[in-house]
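For reference, the structure discussed in these notes is given below.
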Amino acid sequence: MTCLSRITLPIMLALVLIFPRLCQAETSRIGCQHIITQQGLELGIWYPSTGAATHQDLGPYAQDCVANGPVVHSHGGLVVISHGTGGSWTSHLDTAAALAQAGYIVVSLTEPGDNWRDMSHATDITGRTRALSAALDYMLDTWPQADRIDRHRIGAFGFSAGGLTVLLAAGAQPDLSRIGPWCTQHPKSFTCALIAKAHASIPSGSAPVKDSRIAALSLAAPALGFTMTRSALQDVTLPVQIWQAGDDRILPSPGSVEPVRDNLPTPPQGFMVAHADHFDFLAPCRPEASMAAICTSHNGFDRTAFHTGFNAALVAFFDRTLPRQGASGR
């Protein structure tokens, strides 16, 4: 077993001093694209760029980026982001921007059938995994700037149901027989209430699609953690970083992080974020949306301050686990 580091806001802010890459000159810019592929997959894409940044209000979130700007670096690592239940490609746009600022190309997909517009397939975990792989297919084979991507440096970040999604893509085989007994004991839990509302069980007829292109994972509050036995995780041998909210009201302890943390073949890098709630892993909301449920934090918890250190730690993790060719000591 490995213990999660307990992180408070002052410590998270101090992390910024350790990772100066996020404090680059103001002349550097983040390029952004919002596209729908020919297969109907909605993607947000971020990358290092140049040009004039414009402000975009995107639902509860906002960003400043160079819309459709040029990609200025070659051989950038690629990070794919999978959002939680009912989210969208915008759910982690500040994290995507921080990774782009550090030189990565980032793609975030809107999960078909499990997003803010349409939750008709919210229990289809196999479909989620296939959609994530389809996003990688697009970036590597179809995106006009695909030649800028280093195909040997691909990572994934997932939150909540997205954390489950990237675990499945890394080879996890959850023990779905545990869902029934769990929901008997915890019928009002978010997971069990979602299944009951959908009038559908988690499909178990086909195995999730393992995507061997992914070389490192960062997870925040992964869903269905209680299905992750040692056997379920035996094939997840790549480096893993895992984040836990100290006061998670959606996926509370011990059914989310602990089974994943304790049953991975190699102990992950772990962080316990004191006083954080589940949705604090989402991007900070713009003031006009501050009263929305996904924007609300516990009294005294500063989501914006937390994300400064959180994003820096993700950059450092992927820098270490997805080193550039010829890099050493990282």
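Points to keep in mind about this one:
- Largest to smallest accessible area among 298, 83, 55 [probe 1.4 Å]: 55, 298, 83
- Under the Karplus curve 6.51 cos²θ - 1.76 cosθ + 1.60, θ = phi - 60°, whole-Hz ³J(HN,Hα) for the range 105-111, x wherever Gly or Pro sits: 9, 10, 10, 10, 9, 8, 5
- Ratio of the Cα radius of gyration of the range 131-199 to 2.2 N^0.38 Å, where N counts its residues: 1.55
- Protein accessible area in the range 83-202, 1.4 Å probe - carbon and sulfur %: 53 percent
- Candidates 160, 177, 231: whichever shows maximal mean-square fluctuation once the chain is modelled as a Gaussian network with Cα springs under 10 Å: 177
- Largest to smallest accessible area among 132, 251 [probe 1.4 Å]: 251, 132
- The simple Förster model, with R0 at 35 Å and r as the Cβ-Cβ distance, assigns residue 231 and residue 142 a FRET efficiency of 0.45.
- Highest-fluctuation residue, 254, 112, 60 considered, GNM on the chain with Cα pairs under 10 Å: 254
- Based on alpha carbons, the Rg and Dmax found for the chain are 18.5, 56 Å.
- With protein chains left intact and a 1.4 Å probe, residues in the chain average 43 Å² of accessible area per residue.
- Mean residue ellipticity, 222 nm, helices only, the chain: the sum of -39500 (n - 2.57) across DSSP H runs of n ≥ 4, divided by residue count and rounded to 500, is -7500 deg cm²/dmol.
- Local electrostatic count at residue 31 - Lys and Arg +1, Asp and Glu -1, tallied over other residues with Cβ under 13 Å: +1
- Less than 5 angstrom separates the built amide H of residue 81 from those of 107, 108, 109, 157, all sequence-distant by 5 or more or on a different chain.
- Across the chain, C-alpha contacts under 8 Å between residues 6 or more apart give a mean separation that, scaled by the residue count, equals a relative contact order of 20 percent.
- Working note: Cα gyration tensor of the range 196-320, eigenvalues times five, square-rooted, sorted largest first, giving semi-axes of 27, 20, 14 Å.
- Most mobile of 291, 272, 228 in a GNM of the chain (Cα contacts under 10 Å): 291
- Taking only the C-alpha atoms of the range 38-96, the Rg (one decimal) and the largest Cα-Cα distance, Dmax (whole number), read 12.6, 35 Å.
- Order of exposure, largest accessible area first, which applies to 183, 65 with probe 1.4 Å: 183, 65
- Spread of Cα-to-Cα distances over 10 Å intervals beginning at zero, given as percent, for the range 39-190: 11, 38, 33, 13, 5, 1
- FRET efficiency estimate (nearest 0.05) - Cβ-Cβ, residue 186 to residue 291, R0 25 angstrom: 0.30
- Cα gyration tensor category, rounded, prolate or oblate, for the range 242-297 with a/c compared to 1.5: prolate
- Fraction of C-alpha pairs exceeding 18 angstrom in the range 143-243: 52 percent, rounded to a whole number.
- Taken over the Cα atoms of the range 253-330, the convex hull encloses 127 Å³ per residue.
- When the surface is traced with a 1.4 Å probe over the full set of protein chains, residue 154 keeps roughly 0 Å² accessible.
- Calculated FRET efficiency for the pair residue 209/residue 34, C-beta based, R₀ 25 Å, to 0.05: 0.50
- The range 245-307: trypsin sites (Lys or Arg not before Pro) falling in loop per DSSP and having at most 15 other Cβ within 10 Å: 249
- Counted residue by residue at 0.36 nm each, then reduced by the alpha carbon distance between them, the extension gain from residue 304 to residue 52 reaches 88.3 nm.
The values are calculated or read from the model by the stated rules, or taken from the named source; none is laboratory data. Keep in mind it's a predicted model, so treat the numbers as computed, not measured. Neighbour counts are summed over all protein chains in view; Cβ atoms, including those assigned to glycine, are modelled from backbone coordinates with ideal geometry. Each accessible area value is taken on the protein alone, full model and side chains, heavy atoms only, with ligands, DNA and RNA left out. Shrake-Rupley method; radii C 1.70, N 1.55, O 1.52, S 1.80 Å.
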